[in-house]
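The structure appears below as structure tokens.
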Amino acid sequence: MSLDDVLSRIDADLPAATDRLLELLRIPSISTDPAFKADCDRAADWLVADLNSLGIATEKRQTPGHPMVVGHLDGEGPHLLFYGHYDVQPVDPLELWDRDPFDPEVQETPKGKVIRARGAADDKGQLMTFIEACRAWKEINGSLPCKLTFFLEGEEESGSPSLVPFMKENADELKSDIALICDTGLFESRVPAITTMLRGLLGEELTITGPSRDLHSGMYGGVSMNPIRVLSRIIASLHDDTGRITVPGFYDGVPELPEEMRQQWQGLAFDHQSFLGDVGLSEPAGEQDRTPLEMIWARPTCEVNGIWGGYTGAGFKTVLPSEAHAKISFRLVGTQDPLKIRESFRKMVQDMLPPDCSVEFKAHGASQAGAFDTSDPVFEQARQALSDEWPDEAALIGCGGSIPIAGHFDRILGTTPMLIGFGKDDDQIHSPNEKYDMESFHKGIRSWARVLAALTKSN
Ligand SMILES: [Zn+2]
């Protein structure tokens, strides 16, 4: 029984695997909307039944929110855990979809076959790649080559409120050698990749209040402090002329890129001109002395995500507003401490306030960055396995986004997270007309079979 038999089995079973995925995609498991609570439950039940049919003892475990799906299979060899999520994002604006987001379909497109539905890529299609690899393996070999735990969540798209408490309560049960996480993508939609660096995220909302009520600028203009003016000054001062962020202590814990990684990233030949060109831009806007890939993956940011106050409707109103508001977020790297940065940011704002102005803050989440130790040989084994499946050599890459789950495995369980995914840049996750390429699905399943073989040294 060789890996080749498993791969052939995957090829032969692709139509049935696709049907199973379409079945799961028909369940509208939108986790943020209470109207879909029963559907989230149904998606969990569907997975419990499917995993049990593979001989993996699986149950639905209640949380204050949507249930976790947890399954175990005893076995020899390393203990691998697989994480994915069965919930999906809301679908609105519905009128921008070409079809019912929960009536999935395989479509022919100029770029090949795609599976079109909400959740096709994020994350049902991706999580099924691993389950289908296990199915083929079991059918060929009678058993799986390792001890295996499934840990599937139903609240990822609504901030995972139950995740950390659940992991802490069930730490002994979930602790494993490696946590395989399938919720990321291919590099440049083409190169298979293991994501080893993720940025953290800190969100802050502030309201600056000046006068006790809105004023007429003909009456009060000139003599009264305008809070929009104060807010603008604060926002303008968050970056210096070289693109560096000025919050005191902000760069504490920001590491320089290891030389080996710098070289590997240079080899990725990232085309920043086309990356920016796609969105109508031409010049990298980050720190002057950094490469564009460093700016996205390895450097922290400060962005103003929203700013409002005064009169913004049609026409004109010479109002001198009482309040001005902004939402500001920071992407974090290395060991930057989100709570210390929050404190320092708030103090900086306080210190800049003129007399008669006050500020109120609202916290919006804080997660640390994740950078995972890739010296463990399993990373090279997995990288090699991915390279065997795809035309391009697999790469270890960073990710500008935040996937807090990866850090939780590391910090709460002491389990090394390994993020492998097959999404493409044009999958339109979280947007209308989400799709997953049939190539991603098929080669994704084959990739997991190869990774399983490599990590358990059984082929
Ligand atoms: Zn996801």
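Listing for the model above:
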item: Residue pairs meeting the criteria (Cβ under 6 Å; at least 6 apart or on separate chains; first under 22 Å from ILE397 (Cα atoms), in the stretch 247-267; second part of a loop (DSSP other than H, G, I, E, B) and aliphatic (A, V, I, L, M)); result: VAL254/VAL333; LEU257/ALA298
item: Hits in the stretch 182-217 - residues which are among the polar types (S, T, N, Q), closer than 19 Å to LYS424 by Cβ and surrounded by fewer than 19 Cβ atoms within 10 Å (Cβ to Cβ); result: SER189
item: Filter pass, PRO101 being within 16 Å of the ligand (Cβ to nearest atom), open to solvent by 10 Å² or more (accessible area, probe 1.4 Å) and either of a type outside the set (Asp, Glu) or over 27 Å from ASP427 (Cβ atoms) (or both); result: no
item: Some residue of the stretch 107-129 being farther than 30 Å from LEU96 by Cβ, within 16 Å of the ligand (Cβ to nearest atom) and either open to solvent by 10 Å² or more (accessible area, probe 1.4 Å) or modelled with pLDDT of 95 or more (or both); result: no
item: Residue pairs meeting the criteria (Cβ under 6 Å; at least 6 apart or on separate chains; first of a type in the set (Gly, Ala, Ser), in the stretch 126-140; second assigned to a helix (DSSP H, G or I)); result: ALA133/ILE445; ALA133/TRP448; ALA133/ALA449; ALA136/VAL6; ALA136/ARG9; ALA136/ILE10
item: Failed item, numbered, when PHE36 is tested on (1) more than 28 Å from LYS147 (Cα to Cα); (2) within 16 Å of the ligand (Cβ to nearest atom); result: (2)
item: One residue from PRO377, PRO404 being modelled with pLDDT under 95, of a type outside the set (Asp, Glu) and more than 23 Å from the chain's Cα centre (by Cα); result: PRO377
item: Residue count, the stretch 140-181 (criterion: within 16 Å of the ligand (Cβ to nearest atom), assigned to a helix (DSSP H, G or I) and open to solvent by less than 10 Å² (accessible area, probe 1.4 Å)); result: 1
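Residue by residue, here is whether (1) surrounded by fewer than 20 Cβ atoms within 10 Å (Cβ to Cβ); (2) of a type in the set (S, T, N, Q); (3) farther than 27 Å from GLY159 by Cβ holds:
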position	(1), (2), (3)
ASP11	yes, no, yes
LEU22	yes, no, yes
ASP33	yes, no, no
ALA38	yes, no, no
LEU47	no, no, no
ASN52	yes, yes, yes
GLN62	yes, yes, no
GLY65	no, no, no
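The values are calculated or read from the model by the stated rules, or taken from the named source; none is laboratory data. Here the structure is a predicted model, which means the values were calculated and not measured. All Cβ positions, glycine included, derive from the backbone under ideal geometry; neighbour counts span all protein chains shown. Surface areas here come from the heavy atoms of the whole protein model, side chains and all, with no ligands, DNA or RNA. Shrake-Rupley method; radii C 1.70, N 1.55, O 1.52, S 1.80 Å.
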